[in-house]
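Report on the structure given below.
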Amino acid sequence: EDARSFLAGSRWVVQRLGPASVAGTIAVIIAQSTFLPVVQSAAMVLFCHPRMLCNYPGCFETMTPRFLFISAASALTLAGFAVSLICIMIVVAYRRKQAVVLSGVCDGQFSIAESISTSKERKVYDDIPLAPLEILRCDLEATTWQHFLQRDKSIFKSLYEAYEFRFVLFHPLTLLFKVLLVVAALFVAEPNSLTQLCATSFVELLQLIVY
């Protein structure tokens, strides 16, 4: 009975959101959950972190074929997984916002908040915002944005559906903070030192302030 209820519920979710949107959500969850450990491991190998010396004592000085292979794989991982994933997320989110702006459906409804921390004081656009910076900063009423999301079957919908229209590109920042956390933990100071703790705490505090 429980299995049937689960399958029926899953089928309803897939029908409501669309197979592409469900697959995209699962892919984004997997990418985010594996991002930090994968980037950390690749950075430790590629930059010969002290923790790796026990496995590869000479690192690049006495390079073995195995270490050379692992280093090349780590470089590809950092370039292909870390950098490319963040760039793809930024481009996808921006193009989705640009498509909504240029669709013409919401002409005269776009506004811009005078401050990023408030939405009370707004300047309404008389024309369609066309400049990239205007597209990044413009906003829509929450109800209007929700109407778009209800009809959005994109595979990348999970990247921006949790945010207000003006913060559509906010999601990739979560991965950028993870990269900063890896840098602070591995390369700022010696492992288990007070400086390392302060550096990682600063990144965490900065992330809390931004959120």
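Where a number appears in this text, it was derived from the coordinates with a stated rule and is not lab data. Treat the numbers as computed from the prediction; the structure is a model and nothing was measured. FYI the Cβ positions are ideal-geometry reconstructions off the backbone, even for glycines, and counts take in every protein chain you see.
See the values below:
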| quantity | calculated |
| --- | --- |
| Qualifying residue in the range 147-156 (condition: part of a helix (DSSP H, G or I), in contact with a helix residue (DSSP H, G or I) (Cβ under 9 Å, 6 or more places away or on another chain) and closer than 18 Å to VAL100 by Cβ) | yes |
| Matching residues, the range 157-197, being β-branched (Val, Ile, Thr), in contact with a helix residue (DSSP H, G or I) (Cβ under 6 Å, 6 or more places away or on another chain) and part of a helix (DSSP H, G or I) | VAL168, VAL182 |
| Inter-residue pairs, beta-carbon under 8 Å, first within 12 Å of ALA93 (Cα to Cα) and in the range 150-162, second among the hydroxyl-bearing types (Ser, Thr, Tyr) and crowded, with 17+ Cβ neighbours inside 10 Å, 6+ apart | SER154/SER21; ILE155/SER21; LYS157/SER21; LYS157/THR25; SER158/SER21; SER158/THR25 |
| Filter result (among the charged types (D, E, K, R) and crowded, with 17+ Cβ neighbours inside 10 Å) within the range 153-211 | LYS157, GLU161, ARG166, LYS178 |
